[in-house]
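Student: Mind looking over this structure? Questions follow.
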Amino acid sequence: MGTSQKYKASVSGQPNWGKMTAALMSLAASEAKEEELDQEEQELEEDSSSDQEPAPQTTPTDQRKKTIERRRRRLNTQLDNNLRKSVSHAVRAAGGKKAVVSGRSLAFGHSGYAFISNFVNRIVEIAEVGLVRWLEDKGEGRLEDKTPQEVVTTILEFSKESLNTIDSTAASAALESLNDLLRNRLGDDLSKFDEKLRGLLAPGEMIEIIDIFFADYIYNHLSTSVFEKLERKYGQEKALRLMSKIKDQIREDVKALPPDQQSMSIDWKRQSGKDLLEHEFNRIISIYVPDENNN
C-alpha cells in the first residue's frame, strides 16, 4: 500500500499534488469520524438493550440517536465532497481531464489506458488463436504444464509495460486487482479456459472488468500519495482500514453508473474498441470531475 515514491508537480500552471494529498487527509479524517460514530451507535444500542425499565415517549437515548443521525448526514456529505476534491486535484495536477482520460498525461492516465488496452488485446488474441497457441507464441510453454493461477498471472504480466513511474505503479496494482476476478470467472478446468476467455468479450462482460480496473487505478493513485502520512498519524492497521473504505467507496460509485448502450455491441479489435476505453474512463472520471471543470 505504501510507497517511497512521491508526487511532484509536473504541469506548469496547474495546482500541485499537495492539494490532492490535503483533500485525501481530510477525507481520511472524515472516515475516522465515521468510525467514531459507529462506535457511539453501538454503545447506544448496548445501553438501550440493558435498560429494563419502561421507557417514556422521548428519552435521552432518543435524542442522542437523532443527534448521531444528523452528524452522520453531515459527515456523508463531507466524505463525498472530500473524495471529489481529491480526484479533481489529481486530474488538474496531471494536466486536466482531457489529457488524463485520453492517456496523454504521463502523470495520470497514460499507464491506466495502456495497461487495460493491453489486457483487452491479450484476451482478443487468445480468443482468435486459442490459449495453447498463444502461450507457445509468447514462449510460455505448454498449457498442460501450468496451473490456472499461472495462466492468469501470465495474461496479466503480458498486459503490463515496464515503466518505473508512479502512474505505472498505480496501473500495475489495479491490474493485479483483476486476479481474483479472473480466477473466479475462469474456474479450475483448463480445458474450458478458451471458452470462458472468449466469454469475457461478450456484451457487458468486458466493460465490468474495465470499470473495476479504472476504479482501482484511481484509488491506487490516491493511496500512493497519502498512505505513509496516514500510517504516521493513525498507525498501520487504522490507515489500512481507512484506505480500504475509500477503495470500496470508489468501486461503489463506479458500480452505480447507469449501463451504457454504447458498450453492448463493440468490436474490440477496431478503433471503436480503443475509443470505448477512453469513453468509459471519461464516464468514471466524470463522477468526480464534471465536464464544466474540464481544464
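Quick note: the coordinates plus some simple rules give every number you see, no bench work behind them. Worth saying up front: this structure is predicted, and the values here are computed from it rather than measured. Ideal geometry is used to build each Cβ from the backbone, glycine not excepted, and the neighbour counts take in all protein chains shown.
Student: Subtracting the Cα-Cα distance from 0.36 nm times the residue separation, let me have the gained length for Glu36 to Lys269 in nm, one decimal.
Tutor: My answer for the length gained is 78.9 nm.
Student: OK, next. Send over the semi-axes of region 182-223's equivalent ellipsoid, whole angstrom and largest first, taken as the square roots of 5 times the C-alpha gyration tensor eigenvalues.
Tutor: Equivalent ellipsoid of region 182-223: 26, 13, 5 Å, largest first.
Student: Pulled fully out, how much extra length does the chain show between Ala29 and Glu208, if you take 0.36 nm times their separation in residues and subtract their Cα-Cα distance?
Tutor: 61.3 nm
Student: With only Lys, Arg, Asp and Glu charged, each at its Cβ (+1 for the first two, -1 for the last two), find how big the charge dipole of the chain is about the Cα centre; round to the nearest 20 debye.
Tutor: 1440
Student: Can you list the aspartates and glutamates whose alpha carbon is less than 13 Å from that of Lys160, not counting same-chain residues fewer than 8 positions off?
Tutor: In chain and number order, the partners are Glu176.
Student: Relative contact order of the chain, please, whole-number percent, based on alpha carbon pairs below 8 angstrom and at least 6 residues apart.
Tutor: Relative contact order for the chain comes out at 26 percent.
Student: Considering just Cα atoms, how many Å³ per residue does the convex hull of the chain enclose?
Tutor: Enclosed volume per residue, from the Cα hull, is 181 Å³.
Student: Nearest 10 degrees is fine. How inclined is helix 236-255 to the longest principal axis of the chain, computing both from alpha carbons?
Tutor: The helix 236-255 is inclined about 70 degrees to the chain.
Student: Continuing with this model, one more query. Across the Cα atoms of region 109-186, what radius of gyration and what greatest pairwise Cα-Cα distance (Dmax) are found, in Å?
Tutor: 12.7, 37
Student: Arrange the following residues from fewest to most other Cβ atoms within 10 Å of their Cβ: His221, His89, His279.
Tutor: His279, His89, His221
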